[in-house]
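Take a look at the structure set out below.
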Amino acid sequence: MTLIITFGNCDFISQLSDRRLTANGTLIEDESNKSSVLFCANGRLAVGFTGLAKTYEFVTRKWLLNALFECAPPDYTAQKILDRFIERATKDFNSIPALVKTPKAHKRLSIMFSGYLHDHDPPWAVYAIMSNYQKFNDKADEEARNYFTCEFWSENRPSQEEITLVQKVGWWAAFNDNDAEGIRVLLRKRVPPKVALDKAIAIMREVANRPIASGLIGKQLTSITIHRDITKRVDTGYHPENEKHETVMPDIVYAQPGMHMTVEDIKLKAVDPKTTPPLVFPKVPKHQPCPCRSGKKYKNCHGKLNK
């Protein structure tokens, strides 16, 4: 099980997901990517899934990318893609042999989409949660249903209040109202996305340490930040607990006329870790030596990138 949180305001929306993979409460690995970015004809959406990751020869991540790719035509618009995707998921989970023979208690799946639609001016903040077990106004089912449902949200217009969105899926009980408020405070102040993301990362790791998390939430994290300003690129991040000589990125689904493709397993890796500084490393106290081995204090080196 994974915890995914989406948070944002009128400037940006970020989705943060852990990378932990467990089976029956046992840790399998801490580097399982569950995030992707969907570029469609009328928007940009972060996509994250929680629940079933693998069963027999079925791999949720591979299936998700392929299904979104195939559900894009003929219009390539977000709403229509999701409509077709819901039908596709229900059909596949009742017909793919590996899923048919998987116990219902082990095939629960939720998928969160969040970002902006560009066919509004200014772009419209939205999210959708698709699930075969989560009940949005009640407790989640212990077993997967035979069908998927989807809850949609969009910002109200016109509105006198600026949005401060915080949503969660997965092992959500470990993430409480105080955690959400800690992020909302920064969203109300309209701080830079990096400041809000740093706060969310710190909260996510604190949540992972709680007994209620039951070891199901990891501390290796992936982030996707989508700006309302469509001239700004989508920012992605890999946030390990320790320095790494490899960095990874979310997968990408291009579902646009003239650019219809998927990009998977995006990694940058040091050729020789012994002679190359780490590619990524956690934030350190500003007066400590920078982990890149430059000999400078962190604040005067890579710390500048975290401001």
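The values are calculated or read from the model by the stated rules, or taken from the named source; none is laboratory data. Not measured: the values here are computed from a predicted model. We place every Cβ from the backbone using ideal geometry, glycine too, and count neighbours over all the protein chains shown. With ligands, DNA and RNA removed, areas are computed over all heavy atoms of the protein, side chains included. Shrake-Rupley method; radii C 1.70, N 1.55, O 1.52, S 1.80 Å.
Computed values, structure above
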item: Among G237, G170, G218, residue whose mean-square fluctuation peaks in a GNM of the chain (springs only between Cα atoms under 10 Å); result: G237
item: Global form of the stretch 126-216, assessed from the alpha-carbon gyration tensor, a/c cut-off 1.5; result: oblate
item: Once exposed loop chymotrypsin sites (Phe, Trp or Tyr not before Pro) are cut out (DSSP; at most 12 other Cβ, 10 Å), longest piece of the chain; result: 137-307
item: Percent antiparallel among DSSP beta bridges (both partners in the chain, rounded to 5); result: 95
item: Cβ-Cβ FRET estimate between K286 and K104, R0 fixed at 45 Å, reported to 0.05; result: 0.35
item: Within a Gaussian network of the chain (alpha carbon springs, distance under 10 Å), most fluctuating of A125, A140, A180; result: A140
item: Placed amide H near K54: partners under 5 Å, 5+ positions off or other chain; result: T60
item: Anisotropy class of the stretch 200-280 from Cα gyration tensor, a/c 1.5 cut; result: oblate
item: Per residue solvent-accessible surface (Å²) - the stretch 131-206, probe of 1.4 Å; result: 58
item: Selection of GluC sites (Glu not before Pro), the stretch 25-127, meeting DSSP coil and at most 10 other Cβ within 10 Å; result: E57
item: Euclidean distance of C-alpha centroids, the stretch 144-215 and the stretch 10-24, integer Å; result: 10
item: Apportionment of accessible area to carbon and sulfur, the chain, percent (1.4 Å); result: 52
item: Cα gyration tensor shape of the stretch 32-110, rounded if a/c is under 1.5, else prolate or oblate by comparing a/b with b/c; result: prolate
item: Student exercise, the chain dipole from Lys, Arg, Asp, Glu Cβ charges, in Debye to nearest 20; result: 1080
